[in-house]
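Colleague: One structure is given below, represented as structure tokens, and several questions about it will come after.
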Amino acid sequence: MQVIVDLCVVPLGVGVSVSEYVAACQRVIEASGLGYRMHAYGTNIEGPWDAVMAVVKACHERVHAMGAPRITTTLKLGTRTDREQSMDDKVASVETRLRSSAPGAAEA
């Protein structure tokens, strides 16, 4: 089963700045070979369910190995069985609707 997740891993007990830990997690995600897109408050990851969940676990393992005693993670996920859909497909669908409903679009 394919899945798209929105992952936000936040180490606790490591101080105010967490960018070092986020960068380490991003390296884990990149090394997985899965499709991903980092954004301001997390990362979208897409691929087979087991592979994506393995990356989530690997991120936790890496951040703990860096000394974070606790981690809180927000994970949103979605699956479809009616058809295949990628992150790019989802974004393109909304962008198409935005263009078609833009002011003046009906006049063009």
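Colleague: Mind telling me which of the residues V63, V5, V10, V22 ends up being modelled with pLDDT of 95 or more and within 19 Å of D89 (Cβ to Cβ)?
Modeller: One residue alone meets the criteria, V5.
Colleague: Among the residues of segment 47-57, is any closer than 21 Å to K90 by Cα, of a type outside the set (A, V, I, L, M) and crowded, with 17+ Cβ neighbours inside 10 Å?
Modeller: yes
Colleague: Restricting the search to segment 18-39, which residues are assigned to a loop (DSSP other than H, G, I, E, B) and either over 14 Å from M66 (Cα atoms) or of a type in the set (F, W, Y) (or both)?
Modeller: Matches in segment 18-39: G33, L34.
Colleague: Which one of the conditions (1) charged (D, E, K, R); (2) touching a helix residue (DSSP H, G or I) at 6+ places or on another chain (Cβ under 6 Å); (3) closer than 27 Å to K90 by Cβ does R27 fail to meet, given that it meets all the rest?
Modeller: Condition not satisfied by R27: (2).
Colleague: Scan R62, R97, R80 and give me the residue that is surrounded by 10 or more Cβ atoms within 10 Å (Cβ to Cβ), more than 19 Å from the chain's Cα centre (by Cα) and at negative phi.
Modeller: Residue meeting the stated conditions: R97.
Colleague: Let me ask you something else. Select, from A23, A40, the only residue that is surrounded by fewer than 15 Cβ atoms within 10 Å (Cβ to Cβ) and within 13 Å of the chain's Cα centre (by Cα).
Modeller: Unique residue meeting the criteria: A40.
Colleague: Being free of Cβ contacts under 8 Å to residues at least 24 places away in the same chain and out of contact with any Phe, Trp or Tyr (no Cβ under 8 Å at 6 or more places or on another chain) is the requirement here; does A58 meet it?
Modeller: The answer is no for A58.
Colleague: Something else about it: For the structure I just gave you, tell me whether V63 is part of a helix (DSSP H, G or I), aliphatic (A, V, I, L, M) and in contact with a Phe, Trp or Tyr (Cβ under 8 Å, 6 or more places away or on another chain).
Modeller: yes
Colleague: What is the one condition in (1) surrounded by 10 or more Cβ atoms within 10 Å (Cβ to Cβ); (2) touching a residue at least 60 places away in the same chain (Cβ under 8 Å) that M1 does not satisfy?
Modeller: M1 satisfies all of (1) surrounded by 10 or more Cβ atoms within 10 Å (Cβ to Cβ); (2) touching a residue at least 60 places away in the same chain (Cβ under 8 Å) except (1).
Colleague: Let me ask something else. Answer yes if at least one residue in segment 68-76 is at pLDDT 95 or above, buried (at least 16 other Cβ atoms within 10 Å of the Cβ) and under 14 Å from the mean Cα position of the chain (by Cα), and no otherwise.
Modeller: No, there is no match, as no residue in segment 68-76 is at pLDDT 95 or above, buried (at least 16 other Cβ atoms within 10 Å of the Cβ) and under 14 Å from the mean Cα position of the chain (by Cα).
The values are calculated or read from the model by the stated rules, or taken from the named source; none is laboratory data. Predicted, not measured: the structure shown is a model, and the values here were computed from it. Cβ: placed from backbone, ideal geometry, glycine included. Neighbour counts: every protein chain shown.
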